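The values are calculated or read from the model by the stated rules, or taken from the named source; none is laboratory data. Predicted model only: the values in this text are computed from it and were never measured. So basically every Cβ, Gly included, is an ideal-geometry build from the backbone, and we count neighbours across all protein chains shown. Side chains included, ligands, DNA and RNA excluded: accessible areas come from the protein's heavy atoms. Shrake-Rupley method; radii C 1.70, N 1.55, O 1.52, S 1.80 Å.
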Amino acid sequence: EKIDISKKDWIIFSPIITEKNISQKNSQNLILKTNFDQDKINKLFANISTLDLFDLFELKKDYEKLGYSSDEILIHLLKLFTMPLFYGVLTILSAIIMFNFRKDKSLLFHIILGILMSVLIYYMNFIFSSLANNGKLPITISIFFPLFILSFISIIGLINVNEK
């Protein structure tokens with residue numbers, strides 16, 4: 001009923017021990033040696049987007065020790081490493097949009113278009129990440145395919161701007 005897990009040597013107070021289908025309450029405390037303490041267990045269930053790179057690599061090792069899937073952590077790490085490229089492509093895409101639209105369009109049109117595109121890009125990334133988490137897509141494809149689609153659209157837009 002009561003366990004102290006503050007250290008790696010867990011202390012079980014008044015354990016009930018079952019041997020040969022006979023359960024008896026032991027008055028002595030039982031010490032269980034583990035590789036985990038309370039902080040490490042809390043990190044296992046923490047939100048991975050709040051962790052830094054070193055914690056992510058350590059959490060990945062801990063997941064692998066426990067036999068858990070570390071795909072979600074790997075997806076998050078790949079997203080972190082490709083983020084500068086992703087932001088660069090988005091900057092190019094936004095510049096293309098601003099060069100292609102004339103000023104005679106209303107401000108409301110530009111705002112709605114920006115919101116619509118940001119929602120579409122967000123859900124495209126979300127769907128591909130979910131497919132990778134479920135094992136339906138390889139992890140590298142789930143990260144690089146949305147980036148490839150946005151890059152392809154940006155290249156087409158650059159060609160159109162160059163033709164004008």
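Taking each DSSP H run with n ≥ 4 as -39500 (n - 2.57) and averaging over every residue of the chain yields -21500 deg cm²/dmol at 222 nm.
Membrane-span-like helices in the chain, defined purely by DSSP H runs whose alpha carbon atoms cover 30 Å or more axially and whose average Kyte-Doolittle hydropathy reaches 0.5, are 71-100, 107-133, 139-163.
Phi angles across the range 4-11 convert, under the Karplus curve 6.51 cos²θ - 1.76 cosθ + 1.60 with θ = phi - 60°, into 3J(HN,Hα) values of 9, 10, 6, 10, 6, 9, 6, 10 Hz, Gly and Pro given as x.
For the chain, the solvent-accessible area of protein heavy atoms averages 74 Å² per residue (probe radius 1.4 Å; ligands and nucleic acids excluded). For the range 100-159, chymotrypsin sites (Phe, Trp or Tyr not before Pro) are listed when DSSP marks them as loop and at most 16 other Cβ atoms sit within 10 Å of their Cβ; the list is F101.
From the P(r) of the chain, can you give the percent of Cα pairs sitting at distances over 18 Å? It works out to 73 percent of all Cα pairs.
Between Y123 and E163, the contour length at 0.36 nm per residue exceeds the Cα-Cα span by 11.3 nm.
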